[in-house]
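J.: Questions regarding the structure given below will be posed in turn.
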């Protein structure tokens, strides 16, 4: 069942509401410029004030505990436009609504945190063993707050088609609740059958919820699509609705992809619910993606990660114990290695997704294979990757050949030279767009999730993933990578050659990479 509007109505909704918001933002910017340039006397006074503000802001930025790349970008911007640079920084970083959002998120995380341990703690049993991946487990469980689980089966999907088939079968088995959280929804052959099942399950009395990101769905859904879902019995939350106010919250998008079915089965990965993800439509050629399905105790962790967001935005507290699927009897799913779901939030100083990646890189001894749609990294990740390659680790990265953002393509390719010179082998997926986000190393550990190798995913978005060890998924991720290589073109040093103008343009874009 599709959203009941005609094409002309859809266009009117888009232009009257979405573009109106963009227009109001533009009016605010023009007003600031006119205010500053309004008269010669006021301009001189205001110019002195704003220059002073920019100087003070620059000192503040230099002393912040923040990524050096962000500091460099903002200092460069302030030096380039001293009248506006400092004021722009204040607009984006000192807002009461951001502080309020941070407080609500932290409160929601604290409410949920104690419930992650309901299946029991398997970490003490590993403490006596000398395993080199134990520090990563300790970090995620003891510091980030995401426990390690045993009684869990995991399955890896190397494309949207196989994921979609499995999802529909699992949705039909739902008995208590269905929770979903996505960055992008787009009506069509993928989303519509999912919504039909969710609506039918809601009529049968199940608790059915959907979270989607407003910016991610800006051009794919009508503004009132949430009301349509509610009319079908699907409780809906729109993350950070796009508003006509200059706000740093517009950067903090919900990029997670989570499906929880009864708390017993859960999915995550790079796949959204839109037709390109199952190659039902052609966008940038063949769409290469990945997902992971977990069944058993670890599925409860992704359920709680969903509930953190739901309760924060809905300002409610669920009865977590009532939602726990094994409150009356223990989980009987056999262990298939270790599984550790995790999440990342932009409102704290802990870059969980980046730390997971860096620990995998630093612990690699034989090989490290990476799939990523974007390759726009800071000095920490760049140094870790190049050091691993220089130390004899077989480091290989697959990126897309056809890109969805031209400027990201230019910046990503600017990193190729440095990586290849260090011994990293870089490939582009010749058949189209590689949207998969996977790491696998040494036949021991792997992670599948939503976090891209770019500044937005690593530091600005809400993200999630699943780390696995001694699990069949590790071999599946490795096999998928190796089977993809024949469909890729390896980048040579000659491919990275650019003339002076092109290199200057790349270098300029790299300065602003943290803001992309």
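J.: Collect the residues in region 459-485 that are touching a helix residue (DSSP H, G or I) at 6+ places or on another chain (Cβ under 7 Å) and assigned to a helix (DSSP H, G or I), keeping them in residue-number order.
T.: The answer is 460, and nothing else.
J.: Please give the helices (runs of 4 or more DSSP H) falling wholly within region 27-138 in which 3 or more residues are modelled with pLDDT of 75 or more.
T.: 40-63, 96-112, 124-127, 134-138
J.: Still on this model: Whether any residue in region 371-385 is more than 16 Å from the chain's Cα centre (by Cα), in a helix (DSSP H, G or I) and more than 21 Å from residue 449 (Cβ to Cβ) is what I want to check.
T.: Yes - at least one qualifying residue is present in region 371-385.
Residues checked against (1) assigned to a helix (DSSP H, G or I); (2) over 16 Å from residue 265 (Cα atoms):
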residue	(1), (2)
284	no, yes
287	no, yes
295	no, no
298	yes, no
312	yes, yes
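J.: Let me ask something additional. Would you confirm, using the coordinates I've provided, whether residue 179 is at pLDDT 95 or above and over 15 Å from residue 261 (Cα atoms)?
T.: Against the criterion (at pLDDT 95 or above and over 15 Å from residue 261 (Cα atoms)), residue 179 does not qualify.
Every residue, every condition in (1) surrounded by fewer than 19 Cβ atoms within 10 Å (Cβ to Cβ); (2) in contact (Cβ under 8 Å) with a residue 24 or more places away in the chain; (3) in a strand (DSSP E or B), yes or no:
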site	(1), (2), (3)
416	no, yes, no
427	no, yes, yes
443	yes, yes, no
451	no, yes, no
457	no, yes, no
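J.: Which residue, of 340, 308, is farther than 27 Å from residue 490 by Cβ, under 19 Å from the mean Cα position of the chain (by Cα) and buried (at least 23 other Cβ atoms within 10 Å of the Cβ)?
T.: One residue alone meets the criteria, 340.
J.: Going through region 314-326 one residue at a time, which ones are in contact (Cβ under 8 Å) with a residue 24 or more places away in the chain and not in a helix (DSSP H, G or I)?
T.: 315, 317, 324, 325, 326
J.: Name, by its number, the condition in (1) in contact with a helix residue (DSSP H, G or I) (Cβ under 6 Å, 6 or more places away or on another chain); (2) closer than 30 Å to residue 100 by Cα; (3) free of Cβ contacts under 8 Å to residues at least 60 places away in the same chain that does not hold for residue 384.
T.: Checking residue 384 against (1) in contact with a helix residue (DSSP H, G or I) (Cβ under 6 Å, 6 or more places away or on another chain); (2) closer than 30 Å to residue 100 by Cα; (3) free of Cβ contacts under 8 Å to residues at least 60 places away in the same chain, the one that fails is (2).
J.: Now for a different question. Residues of region 387-399 being in a helix (DSSP H, G or I) and in contact with a helix residue (DSSP H, G or I) (Cβ under 6 Å, 6 or more places away or on another chain), which ones?
T.: Listed by number, the residues that qualify are 388, 389, 390.
J.: Is one or more of the residues making up region 105-126 under 20 Å from the mean Cα position of the chain (by Cα) and surrounded by fewer than 16 Cβ atoms within 10 Å (Cβ to Cβ)?
T.: yes
The values are calculated or read from the model by the stated rules, or taken from the named source; none is laboratory data. Treat the numbers as computed from the prediction; the structure is a model and nothing was measured. Because the Cβ atoms are built from the backbone with ideal geometry, glycine has one as well, and the counts that use them run over all protein chains shown.
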